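Notes follow once the structure below has been shown.
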Amino acid sequence: MQEKSIFQMILDKEIESEIIYEDDQIFSIKDINPAAKVHLLIIPKKRINTINEVKNEDKDLIGSMVLVAKELAKKYEIDQSGYRLVWNTNSDGGQTVFHIHLHLLGGEKLREF
């Protein structure tokens, strides 16, 4: 059995964190090292280590994560000015926690790439 991810520990209340959104499949927290004024993480409760491990059966969950991100962008009033959604995959892609999560970044002009 693999070690719990930090996100699983937050869900299990082993690590304190403010959960800003939660439903039966997904929860969201603020990133502890924000890369923008608004930097939220949208996390599935189901542990999937990397995007490479997403299966066809997960497509509704992934779609729900994007819809939650859209609603959080509205709640944080960045939906009209603009925001970025980012998935990091594996070490070279910048992934540091091996439990997939979607980054929602905004609240300021983001650097183009």
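The values are calculated or read from the model by the stated rules, or taken from the named source; none is laboratory data. Because the structure is a prediction, the values reported are computed rather than measured. For accessibility, only protein heavy atoms count, side chains too; no ligands or nucleic acids. Shrake-Rupley method; radii C 1.70, N 1.55, O 1.52, S 1.80 Å.
The table below gives the values:
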read-out: Heavy-atom accessible surface of the chain: percent carbon and sulfur, 1.4 Å; value: 48 percent
read-out: Highest-fluctuation residue, ILE62, ILE32, ILE42 considered, GNM on the chain with Cα pairs under 10 Å; value: ILE32
read-out: Overall dimensions of the range 55-113 as given by Cα atoms, namely Rg and Dmax in Å; value: 12.9, 36
read-out: Over the chain, equivalent-ellipsoid semi-axes from the Cα gyration tensor in Å; value: 22, 16, 15
read-out: Per residue accessible area of the range 1-71, 1.4 Å probe, in Å²; value: 64 Å²
read-out: Angle between the chain longest axis and helix 59-75 axis [Cα atoms, degrees, rounded to 10]; value: 40 degrees
